[in-house]
Amino acid sequence: MTLPPDLAGGWLVSLLDLGTGILVGVGAFFFLAGTVGLLRFPDLYCRLHALTKADTLGLGFITAGLVLQLPGWNAGLQLLLIWVLALSAAATVCHLLASASLQAGIRPVEGADEEGEGP
Amino acid sequence: MSAFLTGVALFLVLNVAAGLLRVVRGPTQADRMVAAQLFGTSGVAILVLLAEAGGEAALRDTALVFAILAVVVSVAFVKRGWVRKLQSAPVEDPAEGGEGP
Amino acid sequence: MTLPPDFAGGWMVSLLDLAVAVLLVALAARLLHTRNLFEAIVLFIAYGLTLSLAWVQVGAPNIALAEAALGAGVTGALFLNTFQRLAERSREGSGMVDPEHGDRGPEAGP
Amino acid sequence: MADASSMHGSILLPALLLALLWWTLAGAGVGDWVAGAIAIIAALLVHRALSSSAPSLRLHPLGAAAFIPWFLLRAFQGGLDVAIRAFSPGLPLAPATLHYRIRLPEGGSRTLFVNTISLLPGTFSADLSGDRVTVHLLARTEEAESTLAELEGKVGAIFGHELEPKEAAP
């Protein structure tokens with residue numbers, strides 16, 4: 001990756017860039033894990049696990065990585081706010097969808113090695 | 001750095017595109033709704049990455065909207081009728097029925 | 001989008017543009033083609049969000065914000081409401097087309 | 001129940017938090033603060049109107065400080081757990097459901113507890129009726145219930161609730 005010339009000075013900057021690279025990469029990995037889980041897991045409830053946990057964790061890593069690049073507190077707090085909002089949004093959506101589906105009578109798959117879906 | 005961040009954003013777009021297969025496959029309505037959540041979280045990540053890569057702070061506001069959006073859509077999905085209507089369907093309640101109205 | 005004029009960044013941005021454009025067209029095609037109304041609604045929401053990304057890519061974050069909030073959020077919620085109205089009505093008067101055609105779920109039971 | 005003494009303290013902290021929120025969202029220009037003052041006052045009025053019926057929240061900083069790192073660690077474990085399961089070829093899942101009786105009182109603490117369950121490793125709160133929450137487990141494990149009890153204790157510490165000890169499960 002090529003840095004713009006105004007950034008290309010000092011070991012601190014390159015250290016921060018390295019940190020950003022690692023954290024953002026780990027975040028992208030968790031997003032991939034969430035999608036793989038979403039596609040592979042056997043029923044709605046397991047898929048909700050994948051989406052809620054892996055994706056929000058991935059977003060957390062990406063925002064943490066970007067905070068290292070930011071100039072001031074203001075933008076950093078914005079990112080933190082975004083993450084907390086996404087966190088509560090994920091938990092809320094997960095609970096809403098799960099309770100609606102349970103009340104609709106969609107049974108969760110039980111036990112191991114069972115590929116069937118619903119009741 | 002901005003090329004790397006844009007590359008990760010591209011990866012996340014492809015990731016969402018793969019996740020949209022779940023919308024096409026279903027099988028239940030809630031399975032399809034999960035895509036809204038997927039797009040919400042991934043969209044937030046894409047937007048904050050692009051905000052940093054392109055130096056546009058305004059994109060973070062859009063990211064905030066994305067974060068709230070999945071909740072709005074899911075509440076609309078759950079709220080009106082769907083739950084109540086299906087409760088009246090003759091399926092036994094897994095959570096030990098008889099919880100009173 | 002104001003990027004520093006380095007070649008690698010611009011190249012990656014064009015790839016991203018391409019991905020968003022292809023996703024938009026694919027979503028639109030599937031959205032118009034599918035027989036399942038509910039799937040179409042969810043795809044419409046996804047389409048709105050992708051379009052919002054497209055607005056970002058052409059350098060219009062304000063329109064992107066409006067597109068995400070109105071195009072995907074409010075319109076999506078209204079569509080979901082309408083869908084549920086339709087489903088209720090088709091359950092009462094059986095003459096109408098079942099909007100949930102093809103969607104398995106407890107409604108399909110009795 | 002907002003008595004007169006807590007009313008005074010309950011207006012300053014929200015005002016500061018709202019000011020911080022506004023600064024985060026809008027920046028610190030002079031024009032920003034003019035609009036911000038109007039927005040903060042309006043929000044405080046709404047807060048007053050809504051919180052008169054709700055019990056006042058009294059947060060304990062020590063409990064919150066202990067909760068955040070614990071939560072972050074658990075969220076990381078949760079994501080890692082899902083990632084490992086998703087990528088392993090055999091798809092090692094043993095989904096199960098669990099009923100858990102909540103000891104926290106109604107209100108903010110219970111909301112936080114139920115929502116945080118969804119971010120712990122392998123659990124999410126699927127349904128809530130009365131004081132019983134239905135938890136879906138990605139894999140049936142022995143420690144799931146004790147983890148829930150631990151979380152409940154931590155959440156209780158934020159809000160200053162003492163919990164009755166959990167009776168041993170049969």
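Things worth noting here:
- Around the Cα centre of region B:2-87, unit charges on the Cβ atoms of Lys, Arg, Asp and Glu (plus for the first two, minus for the last two) sum to a dipole of about 660 debye.
- In order along region C:73-80, the phi-based Karplus estimate (6.51 cos²θ - 1.76 cosθ + 1.60, θ = phi - 60°) of 3J(HN,Hα) comes to x, 5, 5, x, 5, 5, 4, 4 Hz; Gly and Pro are listed as x.
- Interface D:A - total buried accessible surface [probe 1.4 Å, Å², rounded to 100]: 3300 Å²
- Karplus-derived 3J(HN,Hα), 6.51/-1.76/1.60, for each residue of region A:81-90, Hz, glycine and proline x: 4, 4, 5, 4, 4, 5, 4, 5, 4, 5
- Net charge of neighbours whose Cβ lies under 11 Å from the Cβ of A:GLY65, counting Lys and Arg as +1 and Asp and Glu as -1: -2
- Charge sum, other residues only, whose C-beta stays under 12 Å from A:LEU96's C-beta, Lys/Arg counted +1 and Asp/Glu -1: 0
- Vicinal HN-Hα couplings computed from phi for region A:55-69 (Karplus, 6.51 cos²θ - 1.76 cosθ + 1.60; Hz; Gly/Pro x): 5, 5, 5, x, 5, x, 5, 5, 5, 4, x, 6, 4, 4, 8
- Shape call, region B:2-87: gyration tensor on alpha carbons, a/c limit 1.5: oblate
- Under 5 Å, built H, 5+ apart or other chain: amide partners of D:SER129: D:THR134
- Sequence-separation-based contact order of region D:61-159, relative, with Cα cut under 8 Å and 6+ spacing, percent: 37 percent
- Formal net charge of residues neighbouring A:GLN78 (Cβ-Cβ distance under 10 Å; K, R +1; D, E -1): 0
- Only protein heavy atoms count here; on that basis, with a 1.4 Å probe, C:THR82 has an accessible area of about 70 Å².
- Cα gyration tensor category, rounded, prolate or oblate, for region A:14-103 with a/c compared to 1.5: oblate
- Dipole of region B:2-87, positive direction: furthest Cα of B:LEU49, B:PHE66, B:ALA30, with charges on the beta-carbon: B:ALA30
The values are calculated or read from the model by the stated rules, or taken from the named source; none is laboratory data. Since the structure is predicted, the reported quantities are computational estimates derived from the model, not experimental observations. Counting neighbours? That spans all protein chains shown, and the Cβs are built from the backbone with ideal geometry, glycine included. Heavy atoms of the whole protein, side chains included, go into the accessibility calculation; ligands, DNA and RNA do not. Shrake-Rupley method; radii C 1.70, N 1.55, O 1.52, S 1.80 Å.
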